[in-house]
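The values are calculated or read from the model by the stated rules, or taken from the named source; none is laboratory data. Quick caveat: nothing in here was measured; it's all calculated off a predicted structure. Note that we place each Cβ from the backbone using ideal geometry, even for glycine, and neighbour counts take in every protein chain shown.
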Amino acid sequence: MTLDDILAGLFPNGSDIGVAGAMISGSAIHPGAGLVHVLGISQGQPLGVDEAIVLARRVIEIVKSGDRAPILFLVDSASQRMSKRDELLGLSEYLAHLAKALLLAEAEGHRTVALLYGGSAAGAFIATALATGTLVALPGAHPAVMDLPSMARVTKLPIDVLKAKAEATPVFAPGLENMVQTGGIHVIWDDNAPLGPQLAAVLQRPQGQDDRAWLGTERGGRRKAAEITDRVVALAAAS
Amino acid sequence: MTAATANTDSLSWYEASARQRIDALVDAGSFAEFIGPEQREMSPHLAIFDLPEQFDDGIVIGRGRLDGSPVLVAAQEGRFMGGAFGEVHGAKLTGLLRAARTLRQDALILFDTGGVRLQEANAGELAIAEIMRAILEARRAGVNVIGVIGGRAGCYGGGSLIAGTCSRLIVSEQGRISVSGPEVIETNKGIEEFDSRDRALVWRTMGGKHRYLIGGADTFVDDETLAFRQAAIDALKVTRGCGVAVLEAEQSRLERRLQRFGAARDAVDIWRALGISGPTDIPALPTDAFLAAANNRENADDAR
(Lines give C-alpha, C1' and ligand atoms only; values in the text may rest on other atoms or scores of the structure.)
Protein backbone atom coordinates (compact mmCIF):
# COMPACT_ATOMS: atom_id res chain seq x y z
CA MET A 1 0.00 0.00 0.00
CA THR A 2 1.18 3.53 -0.71
CA LEU A 3 1.43 6.14 2.00
CA ASP A 4 -1.57 7.97 0.53
CA ASP A 5 -3.66 4.79 0.57
CA ILE A 6 -2.70 4.13 4.18
CA LEU A 7 -3.53 7.66 5.34
CA ALA A 8 -6.84 7.62 3.46
CA GLY A 9 -7.69 4.26 4.95
CA LEU A 10 -6.80 5.26 8.50
CA PHE A 11 -8.36 8.71 8.41
CA PRO A 12 -11.35 8.69 6.03
CA ASN A 13 -12.41 12.15 7.22
CA GLY A 14 -9.13 13.62 6.03
CA SER A 15 -5.91 14.59 7.70
CA ASP A 16 -3.39 17.40 7.87
CA ILE A 17 -0.19 15.52 7.27
CA GLY A 18 2.78 16.83 5.31
CA VAL A 19 5.67 14.99 3.75
CA ALA A 20 8.92 16.98 3.62
CA GLY A 21 11.70 15.01 2.03
CA ALA A 22 11.59 11.62 3.71
CA MET A 23 9.80 12.88 6.79
CA ILE A 24 6.11 12.70 7.62
CA SER A 25 4.56 15.07 10.14
CA GLY A 26 1.05 16.21 11.01
CA SER A 27 -2.16 15.13 12.69
CA ALA A 28 -5.57 13.73 11.92
CA ILE A 29 -8.89 13.03 13.56
CA HIS A 30 -9.56 9.32 13.82
CA PRO A 31 -13.29 8.47 13.73
CA GLY A 32 -13.05 6.52 17.01
CA ALA A 33 -9.88 7.64 18.75
CA GLY A 34 -10.04 11.39 18.09
CA LEU A 35 -6.84 13.39 17.63
CA VAL A 36 -3.86 11.31 16.46
CA HIS A 37 -0.40 12.77 15.89
CA VAL A 38 1.23 11.27 12.83
CA LEU A 39 4.92 11.28 12.03
CA GLY A 40 7.39 9.01 10.38
CA ILE A 41 10.04 8.31 7.81
CA SER A 42 9.12 7.30 4.27
CA GLN A 43 10.40 6.33 0.82
CA GLY A 44 12.90 3.80 2.15
CA GLN A 45 15.28 6.56 3.17
CA PRO A 46 18.11 6.17 5.69
CA LEU A 47 17.82 7.76 9.13
CA GLY A 48 20.73 10.09 9.87
CA VAL A 49 21.47 12.87 12.33
CA ASP A 50 19.51 15.48 10.34
CA GLU A 51 16.32 13.41 10.16
CA ALA A 52 16.48 12.06 13.72
CA ILE A 53 16.80 15.51 15.30
CA VAL A 54 13.73 16.83 13.42
CA LEU A 55 11.60 13.83 14.36
CA ALA A 56 12.72 13.99 18.00
CA ARG A 57 11.86 17.69 18.19
CA ARG A 58 8.34 16.94 16.99
CA VAL A 59 7.89 14.14 19.57
CA ILE A 60 9.11 16.37 22.39
CA GLU A 61 6.73 19.16 21.27
CA ILE A 62 3.86 16.69 21.37
CA VAL A 63 4.79 15.54 24.89
CA LYS A 64 5.07 19.16 26.03
CA SER A 65 1.61 19.97 24.63
CA GLY A 66 0.20 17.73 27.35
CA ASP A 67 -2.66 16.49 25.16
CA ARG A 68 -1.84 12.83 25.73
CA ALA A 69 -3.10 12.01 22.24
CA PRO A 70 -1.79 8.89 20.50
CA ILE A 71 1.27 9.10 18.25
CA LEU A 72 1.27 7.01 15.08
CA PHE A 73 4.80 6.58 13.69
CA LEU A 74 4.87 5.39 10.07
CA VAL A 75 8.00 3.55 8.99
CA ASP A 76 9.37 2.82 5.54
CA SER A 77 13.10 3.40 5.89
CA ALA A 78 16.50 1.97 5.07
CA SER A 79 19.01 1.48 7.89
CA GLN A 80 20.83 4.25 9.74
CA ARG A 81 22.71 6.50 7.31
CA MET A 82 26.14 4.98 6.86
CA SER A 83 28.47 7.93 6.43
CA LYS A 84 31.59 9.45 7.90
CA ARG A 85 29.73 12.71 8.62
CA ASP A 86 26.92 11.06 10.59
CA GLU A 87 29.34 9.08 12.74
CA LEU A 88 31.66 12.07 13.18
CA LEU A 89 28.71 14.03 14.60
CA GLY A 90 27.70 11.23 16.98
CA LEU A 91 24.86 9.41 15.20
CA SER A 92 24.38 7.03 18.14
CA GLU A 93 23.32 9.96 20.33
CA TYR A 94 20.81 11.22 17.76
CA LEU A 95 19.22 7.81 17.25
CA ALA A 96 19.11 7.13 20.99
CA HIS A 97 17.64 10.60 21.54
CA LEU A 98 14.78 9.86 19.11
CA ALA A 99 14.18 6.50 20.77
CA LYS A 100 14.16 8.10 24.23
CA ALA A 101 11.69 10.76 23.05
CA LEU A 102 9.29 8.06 21.84
CA LEU A 103 9.73 6.02 25.02
CA LEU A 104 9.18 9.19 27.05
CA ALA A 105 5.94 9.90 25.16
CA GLU A 106 4.63 6.43 25.97
CA ALA A 107 5.61 6.85 29.63
CA GLU A 108 3.93 10.28 29.76
CA GLY A 109 0.58 8.83 28.69
CA HIS A 110 0.64 9.01 24.89
CA ARG A 111 -0.07 5.72 23.18
CA THR A 112 2.77 5.23 20.72
CA VAL A 113 2.10 2.92 17.79
CA ALA A 114 4.46 2.26 14.89
CA LEU A 115 3.12 1.04 11.57
CA LEU A 116 5.80 -0.66 9.46
CA TYR A 117 4.57 -0.40 5.88
CA GLY A 118 7.85 -0.82 3.98
CA GLY A 119 11.40 -1.57 4.94
CA SER A 120 13.48 -0.78 7.98
CA ALA A 121 16.76 -2.05 9.26
CA ALA A 122 19.32 -1.97 12.05
CA GLY A 123 19.71 1.34 13.90
CA ALA A 124 16.81 3.00 12.09
CA PHE A 125 14.48 0.18 13.11
CA ILE A 126 15.61 0.36 16.76
CA ALA A 127 15.27 4.16 16.96
CA THR A 128 11.76 4.28 15.45
CA ALA A 129 9.52 1.21 15.19
CA LEU A 130 11.07 -0.69 18.11
CA ALA A 131 10.95 2.37 20.41
CA THR A 132 7.15 2.57 20.38
CA GLY A 133 4.72 0.88 22.73
CA THR A 134 3.20 -1.30 20.00
CA LEU A 135 4.60 -2.18 16.59
CA VAL A 136 2.22 -3.37 13.87
CA ALA A 137 2.93 -4.05 10.21
CA LEU A 138 1.23 -4.31 6.85
CA PRO A 139 1.67 -7.38 4.63
CA GLY A 140 4.72 -6.91 2.45
CA ALA A 141 6.68 -4.95 5.05
CA HIS A 142 10.26 -6.13 5.24
CA PRO A 143 12.23 -5.53 8.43
CA ALA A 144 15.83 -6.65 8.60
CA VAL A 145 18.84 -6.41 10.82
CA MET A 146 21.11 -7.10 7.88
CA ASP A 147 20.32 -8.44 4.43
CA LEU A 148 21.31 -12.04 3.69
CA PRO A 149 24.10 -11.22 1.19
CA SER A 150 25.83 -8.99 3.78
CA MET A 151 25.21 -11.61 6.43
CA ALA A 152 26.81 -14.22 4.18
CA ARG A 153 29.88 -12.01 3.86
CA VAL A 154 30.22 -11.47 7.60
CA THR A 155 29.50 -15.06 8.66
CA LYS A 156 31.58 -16.42 5.75
CA LEU A 157 28.78 -18.85 4.89
CA PRO A 158 27.40 -19.34 1.36
CA ILE A 159 24.03 -17.68 0.89
CA ASP A 160 22.38 -21.00 0.03
CA VAL A 161 23.55 -22.43 3.34
CA LEU A 162 22.14 -19.36 5.14
CA LYS A 163 18.82 -19.73 3.34
CA ALA A 164 18.61 -23.40 4.35
CA LYS A 165 19.34 -22.50 7.99
CA ALA A 166 16.71 -19.75 7.85
CA GLU A 167 14.10 -22.41 7.11
CA ALA A 168 14.79 -24.01 10.48
CA THR A 169 14.69 -20.93 12.74
CA PRO A 170 13.17 -17.43 12.75
CA VAL A 171 15.96 -16.10 14.93
CA PHE A 172 18.36 -14.58 12.40
CA ALA A 173 16.99 -14.16 8.88
CA PRO A 174 15.30 -10.94 7.72
CA GLY A 175 11.58 -10.86 7.16
CA LEU A 176 8.20 -9.93 8.52
CA GLU A 177 7.10 -13.36 9.74
CA ASN A 178 10.38 -13.87 11.63
CA MET A 179 9.93 -10.56 13.44
CA VAL A 180 6.38 -11.59 14.38
CA GLN A 181 7.50 -14.97 15.71
CA THR A 182 10.26 -13.42 17.84
CA GLY A 183 7.70 -11.02 19.34
CA GLY A 184 8.89 -7.74 17.87
CA ILE A 185 5.76 -7.15 15.81
CA HIS A 186 2.48 -7.35 17.70
CA VAL A 187 0.24 -8.08 14.73
CA ILE A 188 0.13 -7.93 10.94
CA TRP A 189 -2.86 -5.94 9.78
CA ASP A 190 -5.28 -7.16 7.13
CA ASP A 191 -4.88 -4.86 4.13
CA ASN A 192 -8.20 -6.06 2.68
CA ALA A 193 -10.09 -4.74 5.71
CA PRO A 194 -10.52 -1.08 6.71
CA LEU A 195 -7.43 0.14 8.56
CA GLY A 196 -9.20 2.60 10.87
CA PRO A 197 -10.81 -0.02 13.11
CA GLN A 198 -7.54 -1.97 13.24
CA LEU A 199 -5.79 1.11 14.62
CA ALA A 200 -8.64 1.61 17.07
CA ALA A 201 -8.18 -1.97 18.29
CA VAL A 202 -4.48 -1.38 18.96
CA LEU A 203 -5.23 1.86 20.81
CA GLN A 204 -7.68 0.00 23.03
CA ARG A 205 -4.98 -2.36 24.30
CA PRO A 206 -4.18 -1.55 27.90
CA GLN A 207 -0.95 0.40 28.24
CA GLY A 208 1.51 -1.72 30.09
CA GLN A 209 4.83 -3.41 30.37
CA ASP A 210 7.16 -4.50 27.59
CA ASP A 211 5.65 -7.88 26.64
CA ARG A 212 7.68 -8.58 23.50
CA ALA A 213 9.81 -11.33 25.02
CA TRP A 214 6.71 -13.15 26.24
CA LEU A 215 5.14 -12.84 22.78
CA GLY A 216 8.33 -14.41 21.43
CA THR A 217 7.97 -17.28 23.89
CA GLU A 218 4.31 -17.88 23.02
CA ARG A 219 5.05 -17.81 19.30
CA GLY A 220 8.12 -20.02 19.61
CA GLY A 221 10.56 -17.55 18.05
CA ARG A 222 12.43 -16.66 21.25
CA ARG A 223 12.14 -19.43 23.77
CA LYS A 224 14.72 -18.15 26.26
CA ALA A 225 14.52 -14.37 26.55
CA ALA A 226 11.47 -13.93 28.79
CA GLU A 227 12.39 -16.75 31.15
CA ILE A 228 15.98 -15.53 31.59
CA THR A 229 14.87 -11.93 32.11
CA ASP A 230 12.36 -12.87 34.78
CA ARG A 231 14.83 -15.19 36.49
CA VAL A 232 17.39 -12.38 36.80
CA VAL A 233 14.77 -10.05 38.30
CA ALA A 234 13.83 -12.73 40.84
CA LEU A 235 17.47 -13.52 41.71
CA ALA A 236 18.27 -9.84 42.22
CA ALA A 237 15.24 -9.39 44.47
CA ALA A 238 16.08 -12.46 46.55
CA SER A 239 19.73 -11.63 47.24
CA MET B 1 41.30 -4.68 53.63
CA THR B 2 37.91 -3.08 54.21
CA ALA B 3 34.81 -3.68 52.11
CA ALA B 4 35.23 -0.33 50.40
CA THR B 5 38.73 -0.81 49.07
CA ALA B 6 39.64 -1.55 45.51
CA ASN B 7 40.62 -5.03 44.57
CA THR B 8 43.98 -4.89 42.88
CA ASP B 9 46.69 -2.72 41.55
CA SER B 10 45.52 -0.99 38.43
CA LEU B 11 45.60 -2.85 35.14
CA SER B 12 44.67 -1.96 31.59
CA TRP B 13 40.90 -1.83 31.12
CA TYR B 14 41.40 -2.49 27.40
CA GLU B 15 43.40 -5.66 28.04
CA ALA B 16 41.29 -6.97 30.94
CA SER B 17 38.57 -9.60 30.62
CA ALA B 18 34.96 -8.91 31.64
CA ARG B 19 35.47 -10.65 34.99
CA GLN B 20 38.74 -8.82 35.65
CA ARG B 21 37.02 -5.52 34.95
CA ILE B 22 34.23 -6.21 37.42
CA ASP B 23 36.70 -7.38 40.08
CA ALA B 24 38.76 -4.23 39.62
CA LEU B 25 35.74 -1.93 39.54
CA VAL B 26 33.76 -2.95 42.62
CA ASP B 27 34.89 -3.19 46.24
CA ALA B 28 37.14 -6.19 46.88
CA GLY B 29 35.27 -9.45 47.23
CA SER B 30 31.83 -7.84 46.98
CA PHE B 31 30.63 -9.22 43.64
CA ALA B 32 27.93 -11.92 43.49
CA GLU B 33 26.98 -13.16 40.02
CA PHE B 34 23.46 -13.90 38.77
CA ILE B 35 23.13 -16.89 36.40
CA GLY B 36 26.85 -17.60 36.43
CA PRO B 37 28.68 -19.95 34.08
CA GLU B 38 27.89 -22.93 36.33
CA GLN B 39 24.26 -22.56 35.19
CA ARG B 40 25.32 -23.27 31.60
CA GLU B 41 22.83 -20.77 30.14
CA MET B 42 24.28 -20.75 26.66
CA SER B 43 23.01 -19.55 23.33
CA PRO B 44 20.56 -22.05 21.83
CA HIS B 45 21.32 -20.69 18.36
CA LEU B 46 25.08 -20.89 17.78
CA ALA B 47 25.03 -24.65 17.25
CA ILE B 48 22.99 -24.04 14.07
CA PHE B 49 26.11 -22.36 12.73
CA ASP B 50 28.53 -24.93 14.20
CA LEU B 51 29.96 -22.22 16.45
CA PRO B 52 31.14 -22.83 20.02
CA GLU B 53 29.00 -21.56 22.90
CA GLN B 54 30.23 -19.96 26.11
CA PHE B 55 28.75 -20.84 29.51
CA ASP B 56 27.86 -17.20 30.30
CA ASP B 57 27.01 -16.24 26.67
CA GLY B 58 29.60 -13.47 26.82
CA ILE B 59 28.15 -11.32 29.59
CA VAL B 60 28.65 -11.33 33.37
CA ILE B 61 25.88 -9.81 35.51
CA GLY B 62 25.39 -9.46 39.24
CA ARG B 63 25.64 -7.17 42.25
CA GLY B 64 28.62 -5.69 44.00
CA ARG B 65 29.45 -2.73 46.19
CA LEU B 66 31.02 0.45 44.94
CA ASP B 67 32.57 2.57 47.67
CA GLY B 68 30.26 0.74 50.07
CA SER B 69 27.01 1.17 48.13
CA PRO B 70 25.25 -1.69 46.32
CA VAL B 71 25.30 -1.50 42.52
CA LEU B 72 24.13 -3.83 39.78
CA VAL B 73 26.86 -4.50 37.24
CA ALA B 74 26.97 -6.03 33.76
CA ALA B 75 30.18 -6.63 31.82
CA GLN B 76 30.36 -7.78 28.21
CA GLU B 77 33.18 -10.07 27.13
CA GLY B 78 34.51 -8.69 23.86
CA ARG B 79 36.61 -11.79 23.28
CA PHE B 80 33.52 -13.99 22.83
CA MET B 81 31.67 -13.32 19.55
CA GLY B 82 32.90 -9.73 19.70
CA GLY B 83 30.74 -9.09 22.76
CA ALA B 84 27.69 -9.20 20.53
CA PHE B 85 24.10 -9.21 21.73
CA GLY B 86 22.31 -12.53 21.33
CA GLU B 87 19.10 -13.76 22.93
CA VAL B 88 20.50 -14.99 26.26
CA HIS B 89 23.20 -12.29 26.46
CA GLY B 90 20.61 -9.57 25.94
CA ALA B 91 18.00 -11.08 28.26
CA LYS B 92 20.51 -11.15 31.14
CA LEU B 93 21.05 -7.40 30.73
CA THR B 94 17.34 -6.66 30.34
CA GLY B 95 16.66 -8.55 33.58
CA LEU B 96 19.39 -6.68 35.43
CA LEU B 97 17.97 -3.31 34.34
CA ARG B 98 14.42 -4.26 35.27
CA ALA B 99 15.77 -5.27 38.69
CA ALA B 100 17.51 -1.87 38.92
CA ARG B 101 14.15 -0.18 38.51
CA THR B 102 12.26 -2.46 40.90
CA LEU B 103 14.92 -2.38 43.61
CA ARG B 104 15.91 1.27 43.04
CA GLN B 105 19.57 0.29 42.69
CA ASP B 106 21.99 2.00 40.32
CA ALA B 107 23.43 0.00 37.44
CA LEU B 108 26.74 0.02 35.56
CA ILE B 109 27.08 -1.39 32.05
CA LEU B 110 30.64 -2.19 30.99
CA PHE B 111 30.29 -2.20 27.20
CA ASP B 112 32.54 -4.25 24.94
CA THR B 113 30.51 -5.02 21.85
CA GLY B 114 30.34 -5.00 18.08
CA GLY B 115 26.52 -4.80 18.27
CA VAL B 116 23.93 -7.41 17.35
CA ARG B 117 25.11 -11.01 17.01
CA LEU B 118 24.26 -11.81 13.39
CA GLN B 119 23.70 -15.53 13.99
CA GLU B 120 20.70 -14.55 16.14
CA ALA B 121 20.10 -11.12 14.66
CA ASN B 122 16.36 -10.80 15.25
CA ALA B 123 16.63 -11.85 18.89
CA GLY B 124 19.63 -9.54 19.36
CA GLU B 125 17.88 -6.58 17.76
CA LEU B 126 14.83 -7.03 19.97
CA ALA B 127 17.05 -7.39 23.04
CA ILE B 128 18.59 -3.98 22.23
CA ALA B 129 15.10 -2.44 22.07
CA GLU B 130 14.06 -4.12 25.33
CA ILE B 131 17.24 -2.97 27.08
CA MET B 132 16.74 0.65 25.94
CA ARG B 133 13.17 0.66 27.23
CA ALA B 134 14.28 -0.90 30.53
CA ILE B 135 16.98 1.79 30.93
CA LEU B 136 14.54 4.62 30.30
CA GLU B 137 12.07 3.16 32.79
CA ALA B 138 14.80 2.68 35.41
CA ARG B 139 16.02 6.25 34.95
CA ARG B 140 12.49 7.58 35.29
CA ALA B 141 12.29 5.72 38.61
CA GLY B 142 15.34 7.70 39.80
CA VAL B 143 18.02 5.12 39.10
CA ASN B 144 21.38 5.95 37.49
CA VAL B 145 22.50 3.77 34.60
CA ILE B 146 26.16 4.47 33.86
CA GLY B 147 27.86 3.29 30.69
CA VAL B 148 31.58 2.47 30.75
CA ILE B 149 33.40 2.21 27.43
CA GLY B 150 37.03 1.30 26.89
CA GLY B 151 37.15 -2.32 25.74
CA ARG B 152 38.71 -4.07 22.77
CA ALA B 153 35.51 -4.35 20.74
CA GLY B 154 34.50 -0.73 21.43
CA CYS B 155 30.78 0.06 21.57
CA TYR B 156 29.24 -0.36 18.12
CA GLY B 157 25.88 -0.89 16.49
CA GLY B 158 22.98 -1.41 18.85
CA GLY B 159 25.43 -1.19 21.74
CA SER B 160 26.05 2.46 20.87
CA LEU B 161 22.31 3.16 20.96
CA ILE B 162 22.09 1.59 24.41
CA ALA B 163 25.02 3.78 25.47
CA GLY B 164 23.09 6.80 24.19
CA THR B 165 20.27 5.85 26.55
CA CYS B 166 22.47 5.81 29.68
CA SER B 167 22.50 8.67 32.18
CA ARG B 168 26.27 9.19 31.98
CA LEU B 169 29.15 7.74 29.98
CA ILE B 170 32.74 7.15 31.07
CA VAL B 171 35.27 6.60 28.25
CA SER B 172 38.95 6.09 27.74
CA GLU B 173 40.83 6.92 24.56
CA GLN B 174 40.27 3.32 23.44
CA GLY B 175 36.51 3.64 23.87
CA ARG B 176 35.17 3.84 20.33
CA ILE B 177 31.46 4.67 19.99
CA SER B 178 29.76 4.42 16.61
CA VAL B 179 26.61 2.97 15.05
CA SER B 180 28.11 1.72 11.79
CA GLY B 181 31.57 0.23 12.15
CA PRO B 182 34.41 1.29 9.83
CA GLU B 183 34.19 -1.91 7.78
CA VAL B 184 30.41 -1.61 7.44
CA ILE B 185 30.65 1.94 6.08
CA GLU B 186 33.43 0.98 3.70
CA THR B 187 31.59 -2.14 2.48
CA ASN B 188 28.36 -0.26 1.85
CA LYS B 189 29.58 3.15 0.72
CA GLY B 190 33.07 2.59 -0.62
CA ILE B 191 36.61 3.28 0.50
CA GLU B 192 36.28 6.93 -0.60
CA GLU B 193 33.65 7.41 2.13
CA PHE B 194 35.60 5.60 4.83
CA ASP B 195 38.91 3.73 4.69
CA SER B 196 38.58 1.18 7.49
CA ARG B 197 42.31 0.40 7.37
CA ASP B 198 43.17 4.01 8.19
CA ARG B 199 43.36 3.45 11.94
CA ALA B 200 44.11 7.10 12.71
CA LEU B 201 40.88 8.03 10.91
CA VAL B 202 38.93 5.44 12.92
CA TRP B 203 40.28 6.68 16.25
CA ARG B 204 39.74 10.38 15.59
CA THR B 205 36.22 9.85 14.19
CA MET B 206 34.91 7.31 16.71
CA GLY B 207 37.42 7.24 19.59
CA GLY B 208 37.00 8.37 23.17
CA LYS B 209 38.83 11.67 22.81
CA HIS B 210 36.55 12.88 20.02
CA ARG B 211 33.44 11.70 21.81
CA TYR B 212 34.51 13.53 24.96
CA LEU B 213 35.27 16.73 23.01
CA ILE B 214 31.83 16.91 21.37
CA GLY B 215 29.94 16.02 24.55
CA GLY B 216 29.28 12.43 23.54
CA ALA B 217 30.81 11.25 26.82
CA ASP B 218 30.95 12.84 30.28
CA THR B 219 34.17 11.61 31.83
CA PHE B 220 37.49 10.83 30.16
CA VAL B 221 39.87 8.53 32.00
CA ASP B 222 43.18 6.79 31.52
CA ASP B 223 43.10 3.17 30.40
CA GLU B 224 43.46 1.97 33.99
CA THR B 225 40.94 0.06 36.05
CA LEU B 226 41.43 2.28 39.12
CA ALA B 227 40.69 5.38 37.05
CA PHE B 228 37.47 3.77 35.82
CA ARG B 229 36.54 2.83 39.39
CA GLN B 230 36.99 6.39 40.66
CA ALA B 231 35.01 7.78 37.71
CA ALA B 232 32.17 5.33 38.40
CA ILE B 233 32.07 6.34 42.07
CA ASP B 234 31.87 10.00 41.05
CA ALA B 235 29.25 9.36 38.35
CA LEU B 236 26.84 7.87 40.87
CA LYS B 237 26.79 11.00 43.02
CA VAL B 238 24.24 12.85 40.84
CA THR B 239 20.82 11.66 39.68
CA ARG B 240 18.94 13.50 36.97
CA GLY B 241 16.14 11.13 35.92
CA CYS B 242 14.86 11.21 32.35
CA GLY B 243 11.87 13.49 31.92
CA VAL B 244 10.88 16.03 29.33
CA ALA B 245 13.29 18.65 30.70
CA VAL B 246 16.30 16.37 30.23
CA LEU B 247 15.29 15.44 26.69
CA GLU B 248 14.60 19.07 25.81
CA ALA B 249 18.08 19.94 27.01
CA GLU B 250 19.50 17.10 24.93
CA GLN B 251 17.53 18.31 21.91
CA SER B 252 19.11 21.77 22.26
CA ARG B 253 22.55 20.26 22.78
CA LEU B 254 22.32 18.04 19.69
CA GLU B 255 20.86 20.84 17.54
CA ARG B 256 23.72 23.11 18.60
CA ARG B 257 26.20 20.42 17.63
CA LEU B 258 24.76 20.25 14.10
CA GLN B 259 24.84 24.05 13.81
CA ARG B 260 28.43 24.31 15.04
CA PHE B 261 30.00 21.31 13.39
CA GLY B 262 27.56 20.09 10.72
CA ALA B 263 29.80 21.22 7.87
CA ALA B 264 33.02 19.75 9.28
CA ARG B 265 34.81 17.29 7.02
CA ASP B 266 37.02 15.73 9.67
CA ALA B 267 37.35 15.56 13.45
CA VAL B 268 40.32 17.94 13.28
CA ASP B 269 38.00 20.64 11.83
CA ILE B 270 35.69 20.21 14.82
CA TRP B 271 38.57 20.36 17.29
CA ARG B 272 39.79 23.55 15.61
CA ALA B 273 36.28 25.03 15.80
CA LEU B 274 36.33 24.27 19.54
CA GLY B 275 39.25 26.67 19.81
CA ILE B 276 41.87 24.03 20.48
CA SER B 277 45.31 25.31 19.51
CA GLY B 278 47.20 22.55 17.73
CA PRO B 279 44.18 20.34 16.99
CA THR B 280 46.32 17.89 15.02
CA ASP B 281 48.22 17.12 18.25
CA ILE B 282 45.12 15.86 20.07
CA PRO B 283 45.56 12.13 19.26
CA ALA B 284 49.09 12.12 20.72
CA LEU B 285 48.37 14.04 23.94
CA PRO B 286 48.63 12.20 27.26
CA THR B 287 45.52 12.39 29.46
CA ASP B 288 46.51 15.41 31.59
CA ALA B 289 47.46 17.52 28.59
CA PHE B 290 44.38 16.34 26.69
CA LEU B 291 42.03 17.30 29.53
CA ALA B 292 43.66 20.72 29.69
CA ALA B 293 43.25 21.16 25.93
CA ALA B 294 39.64 20.00 26.24
CA ASN B 295 38.73 22.86 28.55
CA ASN B 296 36.36 24.42 26.00
CA ARG B 297 34.78 21.17 24.86
CA GLU B 298 31.06 20.79 24.35
CA ASN B 299 29.88 19.61 27.76
CA ALA B 300 26.78 17.45 27.92
CA ASP B 301 25.94 18.81 31.41
CA ASP B 302 23.79 15.75 31.98
CA ALA B 303 21.62 16.65 28.99
CA ARG B 304 21.32 13.04 27.87
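Across segment B:112-131, the number of residues qualifying as touching a residue at least 60 places away in the same chain (Cβ under 8 Å) and not charged (D, E, K, R) comes to 4.
Scanning segment B:1-39 for residues that are at pLDDT below 95, surrounded by 14 or more Cβ atoms within 10 Å (Cβ to Cβ) and either touching a Lys or Arg at 6+ places or on another chain (Cβ under 7 Å) or aliphatic (A, V, I, L, M) (or both) turns up B:ALA4, B:ALA6, B:LEU11. Residues in segment A:196-222 that are at pLDDT below 95 and polar (S, T, N, Q): A:GLN204, A:GLN207, A:GLN209.
Within segment A:153-163, which residues are in a helix (DSSP H, G or I) and more than 10 Å from chain B (Cβ to nearest Cβ)?
Taking segment A:153-163 and keeping what is in a helix (DSSP H, G or I), we get A:153-155, A:159-163.
Answer for segment A:153-163, where residues must be in a helix (DSSP H, G or I) and more than 10 Å from chain B (Cβ to nearest Cβ): A:ILE159, A:ASP160, A:LYS163.
Just one of the numbered conditions (1) buried (at least 24 other Cβ atoms within 10 Å of the Cβ); (2) assigned to a helix (DSSP H, G or I) is not true of B:THR102: (1). Contact annotation: residue pairs with Cβ atoms under 6 Å, 6 or more positions apart or on different chains, pairing a residue in segment A:36-55 that is crowded, with 23+ Cβ neighbours inside 10 Å with a partner that is aromatic (Phe, Trp, Tyr) and part of a strand (DSSP E or B), are A:GLY40/A:PHE73.
For segment B:233-243, does any single residue satisfy the condition of being on the phi < 0 side of the Ramachandran plot, out of contact with any Leu (no Cβ under 6 Å at 6 or more places or on another chain), surrounded by fewer than 21 Cβ atoms within 10 Å (Cβ to Cβ) and within 14 Å of another protein chain (Cβ to nearest Cβ)? Yes, because at least one residue in segment B:233-243 is on the phi < 0 side of the Ramachandran plot, out of contact with any Leu (no Cβ under 6 Å at 6 or more places or on another chain), surrounded by fewer than 21 Cβ atoms within 10 Å (Cβ to Cβ) and within 14 Å of another protein chain (Cβ to nearest Cβ). Residues that are of a type in the set (Asp, Glu) and at pLDDT 95 or above were ranked within segment B:253-304; the one that is surrounded by the fewest Cβ atoms within 10 Å (Cβ to Cβ) is B:ASP288. The set of residues in segment A:173-204 being within 14 Å of chain B (Cβ to nearest Cβ) and either under 14 Å from A:PRO31 (Cα atoms) or surrounded by fewer than 15 Cβ atoms within 10 Å (Cβ to Cβ) (or both) consists of A:GLU177 alone.
Here is a yes/no grid of residues against (1) under 12 Å from the mean Cα position of the chain (by Cα); (2) surrounded by 14 or more Cβ atoms within 10 Å (Cβ to Cβ); (3) touching a residue at least 12 places away in the same chain (Cβ under 8 Å):
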| site | (1), (2), (3) |
| --- | --- |
| A:ALA124 | yes, yes, yes |
| A:GLY208 | no, no, no |
| A:GLU227 | no, yes, no |
| A:ASP230 | no, yes, no |
| A:ALA237 | no, no, no |
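From the list B:ARG168, B:ARG176, the one residue that fits, being more than 9 Å from every other protein chain (Cβ to nearest Cβ), of a type in the set (Lys, Arg), touching a helix residue (DSSP H, G or I) at 6+ places or on another chain (Cβ under 9 Å) and without any contact (Cβ under 8 Å) to a residue 60 or more places away in the chain, is B:ARG176. Residues that are modelled with pLDDT of 90 or more and in contact with a strand residue (DSSP E or B) (Cβ under 7 Å, 6 or more places away or on another chain) within segment A:139-174 comprise A:PRO139, A:ALA141, A:HIS142, A:PRO143, A:ALA144, A:PRO174, listed in sequence order.
When B:SER69 is tested against the conditions (1) more than 9 Å from chain A (Cβ to nearest Cβ); (2) buried (at least 22 other Cβ atoms within 10 Å of the Cβ); (3) out of contact with any strand residue (DSSP E or B) (no Cβ under 9 Å at 6 or more places or on another chain), the lone failure is (2).
Conditions (1) facing chain B (nearest Cβ under 9 Å); (2) closer than 22 Å to A:ASP210 by Cβ; (3) of a type in the set (D, E, K, R); (4) buried (at least 18 other Cβ atoms within 10 Å of the Cβ), marked per residue:
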position	(1), (2), (3), (4)
A:ARG81	yes, no, yes, yes
A:ALA96	yes, yes, no, yes
A:ARG111	no, yes, yes, yes
A:ALA131	yes, yes, no, yes
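For segment B:156-164, the condition of being assigned to a strand (DSSP E or B), at pLDDT 95 or above and within 16 Å of B:VAL73 (Cα to Cα) holds for none of the residues.
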